[in-house]
Each structure stands twice: as C-alpha cells, then as structure tokens.
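Asks: Just passing along the structure, written as structure tokens.
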Amino acid sequence: MKWLRRLLATVLGVALTVTAIITVTDATTWNSAYLMATADRTNLAQHISNELPAVIASYAPAADTQAAITNVLTPAYIETKINDVIPAFVTGFRHGGSVPNLDVTDLGQQLALSGVPVPPALAAITNSPQPLMSSHLAAPLQTVGGVSGLLQWLAPLVALAATVMLLLISDHRRFLALAQGVWLGSALTALAAAVVQLPPSLIEATLNTSVARPLAAAIRAYSQAIATDQSHQLLRYALILAVVGVICIVAHVVAGLIAHLMHHAKTKSESSPVD
C-alpha cells in the first residue's frame, strides 16, 4: 500500500504541474487577444519600425529606395501585419492549421506605384506571401500545439483520478499522501516558473543573421514580457497548490485526531463492566 500511495502522489504532482503549465500557455502563448495586447503594451510595432532601416539596408543599398520603403513601413503598417500574423500563428500551431505566412505584397505594390524600383532581393519577399518559418521548425511546433490541446483535458483528468484513488485508499495516511502530491506539484510548478524565463534569451541568441539581428532587441522585449506574465501566473498556481497542501496536512491531523478519539471511546466502552 505504501508504494501505491507514493506512486499516486507522484502522478498527482506531475499532473497538477502539467495542468498549470497548459492552463498558463493556453492563456498566453495560444491566445491571440493576449498576444496582440502584449504587442501593443510593449510597443512592438514602434520598436520594429525603429530598427527596420538597418534591415532594409541589406535589401536595398540605394538611399532613395531605403527612404521610400521606410516611409511605407510605418508603425501603423507594421501593427496591421502583426495583428494579421498572430491569429494565423495560433490557428496554424495550436489548432492544426497551415503554417502562417507574412503577406507584404502590398508593400511591393505601393513601391511600384510610387515609381521606386524594387530591388530583386526585396522583390522575392513582396511578390508572394512568405512562410514565417521553415518547415523543419514548423512541424515540431505544430506537434507541440497538438499535444498541448490533448493535455488540456487529459492532465486535469489524471489529477482528478489520482486524487479520488488516494481518497479511496483505506489508510489513515491518505491526506498525507495528498499533501505530498500537491506539494510536489507546487515545487515543479515553481521550477517551471523559473525555466520559462530562459526562452527570450535563447530566441535572441538564435537571431544571428544580418537581417534578423537588428530586430533581436524588439523581439526579446516582446517575448520577455510574455515570459514574465507566464512566470507570475505559474508562481500563483504554485502558491495555491502549497496552500492546498497545508490544508491536506490539517485534514490529516484532524482525521488522525478523530480516529484516535473514536478508538479511545470504543476501547473505553469495551472495558466498561456490563451490568
């Protein structure tokens, strides 16, 4: 029975952690409204607009062409593209849709209307919508999105099943085992809150191309804001689980006290002389 309690407590702790992580990512990473609001809160469009001249220079060496492109790529234009890409990102990777594209064909059209020659390197991007990432990166991310959708209902179900099984065990340590499982979940969730702060630095480190490097600061600030929100939410879940663990310990003590009093009363009644 002891090994079963430990197994169920471990399963409960892991399931609670997965539930917390899935709940937080579903409210942040896979939430279009949140992602767009965070982009607005961090002034992502403005930051990208400030850094784009360095990116444009690699495509269009001519100063007049750079000036024309910069005039078109205003913060408002960039914000429109961000608001187009984010829902496509969520649909493509969370709900099993196609790989999202960035459509800047209108940029090429505006440049053509203004009489500015579009450089060949830039024409390759403006002639047709371009995928946001290569297929060998998109496939794993789509898998993660699909697994996340599965765990959204599976993890809470496993946690509930482990809890019920622990409560059904005819053992006075059931509440203690519950506390151990919940506290394990609290500790793992707190660890996840720390780990989630790592991706922004990793993202910035991977932006090594001459085109992407100038945008690294803007992308890092945006991803850091998301990671901070996720970390705070995970810590909140960890605290809640820690409190639930304390409640389980109190329940264990109370149940033990009641069992002791009942045993004492039964022993006393059995030892009393019968008239």
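A short reminder: the numbers here are calculations on the coordinates, not readings from a lab. Values in this document were obtained by computation on a predicted structure and should not be read as measured data. Here Cβ is always computed from backbone atoms with ideal geometry, including for glycine, and neighbour counts include all displayed protein chains.
Asks: Placing unit charges on C-beta atoms (Lys and Arg positive, Asp and Glu negative, everything else neutral), compute the dipole magnitude of region 2-271 about its Cα centre in debye, rounded to 20.
Replies: Working: 13 positive and 12 negative charges, 307 e Å.
Dipole of region 2-271, to the nearest 20 debye: 1480 debye.
Asks: Please report the relative contact order for region 80-194, taking Cα pairs under 8 Å with a sequence separation of at least 6, and give it as a percent rounded to a whole number.
Replies: Numbers: 77 pairs, mean separation 26.2, N = 115.
The value is 23 percent.
Asks: Sticking with this one: Which of Val195, Val164 has the fewest other C-beta atoms within 10 Å, and how do the rest follow up to the most?
Replies: Ordered by Cβ neighbours within 10 Å, fewest first: Val164, Val195.
Asks: Students often get this wrong, so try it: which of [x] 40, 31, 19; [y] 32, 27, 19; [z] 59, 16, 13 is semi-axes √(5λ) of the Cα gyration tensor in Å as calculated from the structure shown?
Replies: Read-out from the structure maps to [z].
Asks: With a 10 Å Cβ neighbour count serving as the proxy for reagent exposure, in which order, fewest first, do Thr163, Thr267 appear?
Replies: Working: Thr163 19, Thr267 10.
Lowest count first: Thr267, Thr163.
Asks: Once the dipole of region 2-271 is set up with Lys and Arg at +1 and Asp and Glu at -1 on Cβ about the Cα centre, which of Val244, Ala190, Ala76 lies farthest towards its positive end?
Replies: It is Val244.
Asks: Return the whole-Å distance between the Cα centroid of region 73-105 and the Cα centroid of region 1-69.
Replies: Region 73-105 and region 1-69 have Cα centres separated by 13 Å.
Asks: Taking 0.36 nm per intervening residue step and subtracting the Cα-Cα distance, what contour gain separates Ala76 from Leu257 on full extension? Numbers along the way, then the final one.
Replies: Values: separation 181, 0.36 × 181 = 65.16 nm, distance 6.69 nm.
Here the answer is 58.5 nm.
Asks: A follow-up question, please. Please compute the contact order of the chain in relative form: average sequence separation of alpha-carbon pairs under 8 Å and at least six residues apart, divided by the residue count, as a percent. Each step should come with its number before you reach the end.
Replies: Numbers: 303 pairs, mean separation 80.5, N = 275.
Here the relative contact order equals 29 percent.
Asks: Rank the residues Trp183, Trp153, Trp3 as a footprinting-exposure proxy: fewest other Cβ atoms within 10 Å of their Cβ go first.
Replies: Values: Trp183 21, Trp153 11, Trp3 7.
Final ranking by Cβ density, sparse to dense: Trp3, Trp153, Trp183.
Asks: Provide the per-residue ³J(HN,Hα) series for region 219-225, in order, calculated from phi with Karplus coefficients 6.51, -1.76, 1.60 and θ = phi - 60°, each as a whole number of Hz, with x at glycine and proline positions.
Replies: 5, 5, 4, 5, 5, 5, 5
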